[in-house]
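Written out below as structure tokens is the structure these notes cover.
The values are calculated or read from the model by the stated rules, or taken from the named source; none is laboratory data. Since we're looking at a predicted model, the values are computed, not measured. Note: ideal-geometry Cβ built from the backbone for every residue, glycine included; neighbour counts use all protein chains shown. Each accessible area value is taken on the protein alone, full model and side chains, heavy atoms only, with ligands, DNA and RNA left out. Shrake-Rupley method; radii C 1.70, N 1.55, O 1.52, S 1.80 Å.
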Amino acid sequence: MSLTPNSEYGARPRFWFAAYQLLWHLLLPLAFVRLAWRARHSIQYLSYLPERLGFGYSKPISTDSVWIHAVSVGETRAAQPLIDAYLARGESILLTHMTLNGRRTGAKLFAGAIASGKMRQVYLPYDLCWSVDRFLKVFQPKFGLFMETEAWPTVVFRCADIGLPLFLVNARLSERSARRVNRFGQAGQALFQAFTGILAQTEFDAKRYQSLGVKDVEVVGNLKFDVPLDRKLLDQSQAWKRELHSQQRLMVCAASTRDGEEDIILRAWRDLLLSNAFTVAPLLCLVPRHPERFPEVAEQINNAGLKFRRRSEWFGTPKDTEGLEVILGDSMGEMPMYYSAADLVVMGGSLLPFGGQNLIEACAAGCPVLLGEHTYNFQQAALDAIEVGAAKRIHGDLLLGEPIALMEALKSLLLNLDELAKMALAAKNYSVEHQGATKKLLAALDRRNFNLN
């Protein structure tokens, strides 16, 4: 593809951009200090360090690939149907990440494509002018697709300068984030205007991007509805669920929890068990969002006086869970198993103001969802799931750390098996009815006159 400068976006805010570059160069040593600090949990944080600066790429290097940037785990999983579609078209893929867990997830999901040479995985370099320039010159991608919310100024403006088409896809922008962008005035707006186009999840998102002056915005739906669940994990989950139900025991999964939420959940769970409302006490599976917090959360469970074991203590499906009150889900990539084995999900990130985590995957597994008040990252999905009866909202001020609202919501549903069954069916139907974003996204890109075949 012949690359020519993109004249469709407004002038780059030179003062702000210069200040941004200066700040990056001043803080660069701290970025590496942070990686070294995180290496306490895994030495892999120090792997591929030259890539962070646009160097150290092993050969051979394929050019003219479809470049997809998925910052971390959630974005990488969401990109799976899109990547699979491009691989089926015979395209080679350049997959970039910013986090170690994102890279691990991509390596697992696309092991076959990586081994065959159809995909290359590297870190996106830090947003320095010279590191970004070197990255683009080395790989010379056909075009770029950034997932969801990623908008690195140096990358975006440089792609626009050289005429490299760069789209923000599966794009979402919360009201809070839109206000934050507007605080930067023209500089913030120019960043999103510099994308070749934005393909948004919902009308809510599209209108917010348009309010920033973006002209090419189209709603294509949410790729997360198209993500397939791992069949092996589903089989394991059914074996686990059969064992639990043979004991007349229900399981609640507190999924992708964030710092501060575990305390609320554990206190609610302890109060629930002390209520003596159940002939057979239910089981809690607590799965923190970030693996580096597994030891910290294990200590919290122990301090709460609850009997627990770690998921990692079992090989294969967890068994013999009688006498346990909590299982700590200290594993990566097994959320479909946790969701499918559970009878109810408490969605992490929504109890405190983190914006919520992905309730769509839980619905795809046919599991009812309890949501807190804070779901601005999944605004439309949360509203739709509640409307069709796949999810319920917990009403109560959890910000004060009081667990009573959560405890009462759990008790109400766990004692009403008919209601749980109706919600499970609604969740499954909801996830199926909203599929199709991948085809719409590909069609939208095709209509923009790119030769993708």
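Do you know the relative contact order of segment 331-453, to the nearest whole percent, from alpha carbon pairs under 8 angstrom that are 6+ apart?
Reported as a whole number, the value is 23 percent.
Tell me the angle of helix 153-162 to the major Cα principal axis of the chain, expressed in degrees between 0 and 90 and rounded to the nearest ten.
The angle comes out near 40 degrees.
How large a share of the accessible area of segment 245-355, in percent, is made up of carbon and sulfur atoms when the probe is 1.4 Å and the other protein chains stay in place?
Summing carbon and sulfur atoms, their accessible area is 47 percent of the total for segment 245-355.
Rounded to whole Å, give me the distance from the Cα center of segment 417-449 to that of segment 17-68.
Centre-to-centre (Cα) distance: 35 Å.
What's the percent breakdown of Cα-Cα distances in segment 195-264 across 5 Å bins, shortest bin first?
That works out to 3, 12, 12, 11, 10, 14, 12, 10, 8, 5, 3, 1, in percent per bin.
Report the convex hull volume per residue for segment 314-453, counting only C-alpha atoms, in Å³.
158
Let me test this: with uniform point scatterers at the alpha carbons of segment 256-332, what is the Debye-based log₁₀ I(q)/I(0) at q = 0.12, 0.17 1/Å?
Treating every Cα as an identical point scatterer, log10 I(q)/I(0) equals -0.32, -0.63.
Quick check: the angle from helix 129-139's long axis to the longest principal axis of the chain, C-alpha only, nearest 10 degrees?
Helix 129-139 and the main axis of the chain meet at about 90 degrees.
Would you calculate the volume per residue, in Å³, of the smallest convex hull containing every Cα atom of segment 42-94?
Per residue, the Cα convex hull of segment 42-94 comes to 104 Å³.
Take the alpha carbon atoms of segment 82-143, find their center, do the same for segment 267-319, and report the distance between the two centers in whole angstrom.
37
Using only the alpha carbons, work out the radius of gyration and Dmax of the chain in angstrom.
Values for the chain (Cα only, Rg and Dmax): 22.8, 70 Å.
For the chain, with every protein chain kept in place, what is the accessible area per residue (1.4 Å probe, Å²)?
Result: 44 Å² per residue.
Would you compute, from DSSP H runs of 4+ residues alone, the mean residue ellipticity of the chain at 222 nm, taking -39500 (n - 2.57) per run and dividing by the full residue count, rounded to the nearest 500?
Roughly -13500 deg cm²/dmol at 222 nm, from the helical runs in the chain.
Longer than 27 Å from Cα to Cα, which of 215/428; 215/392; 137/440; 232/319; 241/392 are they? Say none if no pair is.
215/428; 215/392; 137/440
Heavy atoms only, probe 1.4 Å: what % of the accessible area of segment 63-174 goes to carbon and sulfur, would you let me know?
54
Straight distance only, please: which aspartates and glutamates reach the Cα of residue 224 with their own Cα at less than 20 Å, same-chain residues fewer than 8 apart left out?
In chain and number order, the partners are 75, 84, 148, 150, 203, 205, 334, 361, 384, 387, 433.
Output needed for segment 14-59: three equivalent-ellipsoid semi-axes, defined as square roots of 5 times the C-alpha gyration tensor eigenvalues, in descending order, whole Å.
Its equivalent ellipsoid spans semi-axes of 25, 16, 6 Å.
Using the Kirkwood formula over every pair of different C-alpha atoms, what hydrodynamic radius in Å results for segment 19-120?
For segment 19-120, inverting the mean 1/r across all distinct Cα pairs yields 15.0 Å.
Once amide H atoms are placed 1.01 Å from N in the peptide plane, what residues at a sequence separation of 5 or more from residue 219, or on another chain, have their amide H within under 5 Å of its amide H?
200
So, with +1 on the Cβ of K and R and -1 on the Cβ of D and E, and no other charges, what is the size of the charge dipole of the chain about its Cα centre, to the nearest 20 debye?
Dipole magnitude for the chain comes out near 1200 debye.
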